[in-house]
Amino acid sequence: MDNPVWSFFFRPPQEKMSNIALMKELPVFDTLTNGELVQIERVLHERHYAPGEVVFNEGEPGAGLYIIKKGEISIRKKIAGGNDLQLAVIPERSFFGELALLDEMPRSASAIVVTPAILYGFSKPDLEHLLERNQRLGIKIILNLSKLVSRRLVKSNENLEQVQAELNRLKEKEAH
């Protein structure tokens with residue numbers, strides 16, 4: 001039988017366990033141990049958003065990554081003529097904004113809440129603090145981020161190659 005006193009001290013509350021399970025699903029944290037995930041869970045910043053609310057705007061300084069516990073987020077980019085182009089809809093149990101953990105460049109797009117959302121923020125200062133306290137943990141996160149960015153770059157290059165091939169095909173068709 002569980003002793004409630006010992007359970008309180010040695011088992012994280014159910015809410016924390018669900019956050020740890022969520023983080024385990026994300027490629028940024030999937031190689032981390034439960035103990036390391038508990039360290040990260042302690043520094044996450046929870047925020048509730050309503051539909052239409054802006055998480056961040058294109059051009060703003062990047063502060064960190066966001067984990068979507070609940071809801072959907074639209075990633076939008078301003079294009080010529082002042083219109084917005086939806087680049088993606090990020091679903092629940094995913095993340096976005098991870099480049100801000102590596103570089104402080106301005107946000108390349110805006111993030112707008114589509115459905116009521118609960119987000120957890122993990123900021124660059126949080127990562128830097130983790131690096132100071134636990135270098136191994138910080139390095140694991142940075143390596144995971146690097147792998148993720150690398151895979152996305154390869155995919156972007158493949159997409160660009162496909163677009164270029166299609167443009168060349170259309171130019172040849174117009175020439176004939």
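No lab work stands behind these numbers, since they all come straight from the coordinates. Note that the structure is a prediction, hence the values are computed from the model and not measured. FYI the Cβ positions are ideal-geometry reconstructions off the backbone, even for glycines, and counts take in every protein chain you see.
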(request) Under a cut-off of 15 Å between alpha-carbon atoms, report the aspartates and glutamates in cross-link reach of Lys124, not counting same-chain residues fewer than 8 places apart. (result) Glu41, Glu60, Glu98, Asp103, Glu104, Glu132
(request) Can you grab the distance from the C-alpha centre of region 101-118 to the C-alpha centre of region 16-92, Å, no decimals? (result) 7
(message) Test of understanding: what is the full-extension gain from Glu60 to Asp30, defined as 0.36 nm times their sequence separation minus their Cα-Cα distance?
(response) 7.9 nm
(message) Under the 0.36 nm per residue contour assumption, what length would be gained going from the current alpha-carbon distance of Lys173 and Leu143 to full extension?
(response) 6.3 nm
(request) Measure off 7 Å from each Cα along the Cα-to-Cβ vector at Glu104 and Leu85, then give the distance between these two points in nanometres to one decimal. (result) 3.0
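Which number do you get for Rg(Cα) / (2.2 N^0.38 Å) in the chain? Don't skip to the end; give the middle numbers.
Numbers: Rg = 19.9 Å, N = 176, 2.2 N^0.38 = 15.7 Å.
In units of the globular-protein estimate, the chain measures up at 1.27.
So which GluC sites (Glu not before Pro) in region 74-176 end up in coil per DSSP with only 16 or fewer other C-beta atoms within 10 Å?
Working: sites: Glu92, Glu98, Glu104, Glu128, Glu132, Glu158, Glu161, Glu166, Glu172, Glu174; in loops: Glu92, Glu104.
Those that pass, being in a loop and sparsely packed, are Glu92, Glu104.
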(request) Please tell me which of these pairs span more than 29 angstrom C-alpha to C-alpha: Lys78/Lys140; Lys70/Lys147; Lys70/Lys155; Lys77/Lys140? (result) Lys78/Lys140; Lys77/Lys140
